[in-house]
Amino acid sequence: MLQLDAITKHYPTRQGLVRAVEAVSLTVAPRSTLALVGESGCGKTTIAKMILRLETPTAGRILFEGQDIAAMDRIAVHRYRRAVMAVFQDPYASLNPRMRVGAIIAEPILAHENPGRAAVTRRIEEVLDIVGLPAGAARLYPHEFSGGQRQRIAIARALALQPRLMVLDEPVSALDVSIRAQVLNLLQDIQDEFGLTYLVIAHDLALVEHFSSDVAVIYLGRVAETGPTAEVFAQPRHPYTRALLAAVPQPDPDHILSEAAAAGEIASALNPPPGCRFHPRCPRAMDLCRTTVPVPSAPPHITACHAPHEGAPT
Amino acid sequence: MTLLTVENLQTHLHLQRGILRAVDGVSLHVDGGETLGLVGESGSGKTMTGLSLLRLLPEGSGRIAGGSIRLDGTELTELSETTLARDIRGSRIAMIMQDPMTSLNPVFSIGDQVGSPLRNHGIARGARLRSAVIDVLQRVRIPSPDQRLGDYPHQFSGGQRQRVVAAMAIGCTPRLLIADEPTTALDVTIQVQIIALLRRIQGETGAGIILITHDLGVAASLCHRIAVMYAGQIVETAPVRRLYRAPAHPYTRALLAAIPRLGDKRARLAAIPGQPPSLIDPPIGCRFAPRCAERMDKCAQAPPLTDLGDGHTASCWKLGTA
């Protein structure tokens with residue numbers, strides 16, 4: 001469905017070149033959910049922006065259903081923009097407060113086709129029904145809804161043109177705990193019903209384990225580890241994946257958090273460490289890690305590490 | 001030894017739309033060396049409870065309308081603003097805020113900002129101030145603090161900024177620390193470092209901590225006891241193991257079922273239907289009843305607080321009063 005082929009994104013700045021994304025290769029199968037995880041500044045949002053054609057890769061290709069999205073002509077770009085939709089983190093910022101909900105949902109439809117007023121109204125009612133809002137919601141303004149309901153409106157807008165791929169950037173992290181489960185369940189139902197493919201950006205690893213079929217752990221612009229979520233979480237090989245999992249607070253007072261697994265903080269993409277970018281924080285780092293970029297192992301469970309772990313974490 | 005006792009606290013916000021009862025009858029206590037978690041969703045009143053203790057309510061609209069707050073036997077609600085500012089706020093009770101980007105002033109150096117509470121409360125002055133600031137920064141593990149006094153907030157990483165905010169709070173060795181979502185803005189590998197820091201500060205100073213959080217994982221890792229808030233009220237209080245192993249209130253149980261956890265193989269999360277009520281016109285009776293799967297006719301009246309023994313209390317008709 002979607003294939004990232006060694007995509008790289010560098011930003012020239014006055015302080016030098018920011019190496020935000022470096023040779024990232026990933027594939028997303030139809031009807032699957034790939035989660036991108038990693039700390040702030042690791043490049044996961046930049047990757048999503050390139051997929052949405054909001055940024056152009058410095059190098060590498062993004063293939064959607066076999067077609068290079070950078071080499072598309074105008075008509076193909078138009079078709080691509082219908083097929084790929086996004087839902088952003090903050091439903092307070094992503095909905096125009098001056099527009100009624102009906103107009104918000106109609107906007108992407110009218111940008112692509114003019115099926116007539118009755119058809120648009122019918123489609124608005126359909127997608128509102130899918131996300132569990134009454135048809136009357138179309139006449140109201142965003143401020144008349146709670147955070148969870150606003151995120152439903154954002155999902156309805158994304159669904160209006162029957163997309164095939166949805167990019168979900170932290171779709172529930174601005175919502176309250178009791179509302180998150182409602183929205184996550186809704187997203188799963190929609191995926192099953194319409195056969196959608198999801199690319200989700202999330203920092204909550206328990207949520208990722210629950211919600212995604214595949215996961216890519218990104219560190220400083222590079223893929224540290226990727227594969228089927230169940231396998232990566234059960235037998236994480238990269239020390240960074242292990243560190244992330246060990247640092248997740250569990251709703252269990254007897255669970256012991258490990259502070260030792262990743263000391264210090266993420267380095268700057270302006271001046272990334274040579275060799276493996278994780279080596280300054282890695283408890284297993286050897287001389288080789290300081291000089292040589294690790295080569296990714298074979299799929300499906302891919303690890304870029306000179307000294308990968310084996311088996312389940314203790 | 002009981003450090004802080006809050007009884008029947010009522011905090012009102014006077015808005016154009018009416019009086020919002022942000023905190024409606026909250027009672028709690030914190031011992032020295034103990035961490036009490038105040039857990040709840042946005043709008044449940046947990047932050048307003050924390051701000052009420054310091055009388056830092058929104059100017060003009062916020063007001064403590066009733067109840068008692070006693071710190072080491074001193075009734076804080078009866079103190080004048082001047083006395084509270086001089087003797088309590090920042091010295092005996094200090095607060096760590098959620099977002100280190102907004103709780104640090106971008107135009108003052110770190111040395112100035114960490115030094116200012118020390119100077120204001122007469123802990124250190126003049127030449128001794130510098131070494132006192134270095135000492136506090138060392139305690140929160142800022143590397144080579146003597147070289148960083150003149151640096152500004154933007155020159156620190158997110159995790160280091162939160163350490164600086166913690167340094168500002170612990171400089172005067174407060175008896176009570178209020179930490180409002182201290183790790184929410186941070187990545188998990190940094191979050192675990194700040195959790196360890198708070199635990200160490202408590203070990204060194206014996207301070208009581210009130211941890212305000214929406215994250216049941218963070219609360220489990222740091223707290224000795226937990227109070228769960230819903231719609232301006234505490235619905236359940238219990239020692240930490242009791243709360244997670246044997247939650248008594250339907251809201252607590254629903255919250256614990258709604259969150260995904262690592263290693264959890266459920267296909268679907270148990271969502272809580274509906275949303276929290278407005279606190280301008282809250283429902284009569286149990287405030288969780290409209291969303292509660294176990295609601296009964298009786299829930300139209302406010303449930304009494306039931307003592308379940310061993311410091312475990314909850315307000316729900318299901319628990320009976322026998």
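The values are calculated or read from the model by the stated rules, or taken from the named source; none is laboratory data. Bear in mind that the values here come from a model prediction, so they are computed numbers and not experimental data. Note that each Cβ is placed from the backbone with ideal geometry, even for glycine, and that neighbours are counted across all protein chains shown. In case anyone asks, the SASA skips ligands and DNA or RNA and just uses the protein heavy atoms, side chains included. Shrake-Rupley method; radii C 1.70, N 1.55, O 1.52, S 1.80 Å.
The table below lists the values:
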item	result
Contacts under 9 angstrom Cβ, first residue in the range B:258-275 being open to solvent by 50 Å² or more (accessible area, probe 1.4 Å), partner assigned to a loop (DSSP other than H, G, I, E, B) and of a type in the set (Ser, Thr, Tyr), 6 or more apart	B:GLN275/A:SER146
Only listed residue being in a loop (DSSP other than H, G, I, E, B), within 12 Å of chain B (Cβ to nearest Cβ), on the phi < 0 side of the Ramachandran plot and not acidic (Asp, Glu), chosen from A:ALA230, A:ALA261, A:ALA243, A:ALA285	A:ALA261
Residue identified as among the charged types (D, E, K, R) and in contact with a helix residue (DSSP H, G or I) (Cβ under 8 Å, 6 or more places away or on another chain) among A:ARG284, A:ARG277, A:ARG237, A:ARG222	A:ARG284
Which listed residue, of A:ALA29, A:ALA6, is over 13 Å from the mean Cα position of the chain (by Cα), modelled with pLDDT of 95 or more, under 25 Å from A:LEU187 (Cα atoms) and surrounded by fewer than 18 Cβ atoms within 10 Å (Cβ to Cβ)	A:ALA29
Residue check, A:GLY102 more than 14 Å from chain B (Cβ to nearest Cβ), among the small types (Gly, Ala, Ser) and out of contact with any Phe, Trp or Tyr (no Cβ under 6 Å at 6 or more places or on another chain)	yes
Cβ-Cβ under 7 Å pairs, at least 6 apart or on other chains, the range B:157-184 side at positive phi, far side modelled with pLDDT under 95 and outside any strand (DSSP E or B)	B:THR173/B:THR205; B:GLU181/B:GLN98
Any chance A:ARG164 is open to solvent by 10 Å² or more (accessible area, probe 1.4 Å), more than 11 Å from every other protein chain (Cβ to nearest Cβ), under 14 Å from A:VAL131 (Cα atoms) and of a type outside the set (A, V, I, L, M)	no
Candidate set from the range B:167-189 (those that are in a helix (DSSP H, G or I) and open to solvent by 10 Å² or more (accessible area, probe 1.4 Å)); member that is nearest to B:GLY43 (Cα to Cα)	B:VAL188
Selected residue (criterion: nearest to B:ALA238 (Cα to Cα)) from residues of the range B:282-322 that are open to solvent by less than 30 Å² (accessible area, probe 1.4 Å) and hydrophobic (A, V, I, L, M, F, W, C)	B:ALA314
Scan of the range A:30-45 for residues that are within 12 Å of another protein chain (Cβ to nearest Cβ) and part of a loop (DSSP other than H, G, I, E, B), ordered by number	A:GLY38, A:GLU39, A:SER40, A:GLY41, A:CYS42
Selection count, the range B:190-205, where residues are within 11 Å of chain A (Cβ to nearest Cβ) and either in contact with a helix residue (DSSP H, G or I) (Cβ under 6 Å, 6 or more places away or on another chain) or part of a strand (DSSP E or B) (or both)	3
Within the range B:226-243, considering residues that are surrounded by fewer than 24 Cβ atoms within 10 Å (Cβ to Cβ) and within 11 Å of chain A (Cβ to nearest Cβ), the one nearest to B:ARG139 (Cα to Cα)	B:VAL240
Candidates B:SER52, B:SER61 - the one that is in contact with a strand residue (DSSP E or B) (Cβ under 8 Å, 6 or more places away or on another chain) and under 22 Å from B:ILE210 (Cα atoms)	B:SER52
Scan of the range B:118-128 for residues that are assigned to a helix (DSSP H, G or I) and either without any contact (Cβ under 8 Å) to a residue 24 or more places away in the chain or in contact with a helix residue (DSSP H, G or I) (Cβ under 6 Å, 6 or more places away or on another chain) (or both), ordered by number	B:LEU118, B:ARG119, B:GLY126, B:ALA127, B:ARG128
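Yes/no matrix, rows are residues, columns are (1) open to solvent by 10 Å² or more (accessible area, probe 1.4 Å); (2) in contact with an Asp or Glu (Cβ under 6 Å, 6 or more places away or on another chain); (3) not in a strand (DSSP E or B):
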site	(1), (2), (3)
B:LEU4	no, no, no
B:GLY50	no, yes, yes
B:GLU59	yes, no, yes
B:GLN98	yes, yes, yes
B:MET101	yes, no, yes
B:ASP112	yes, no, yes
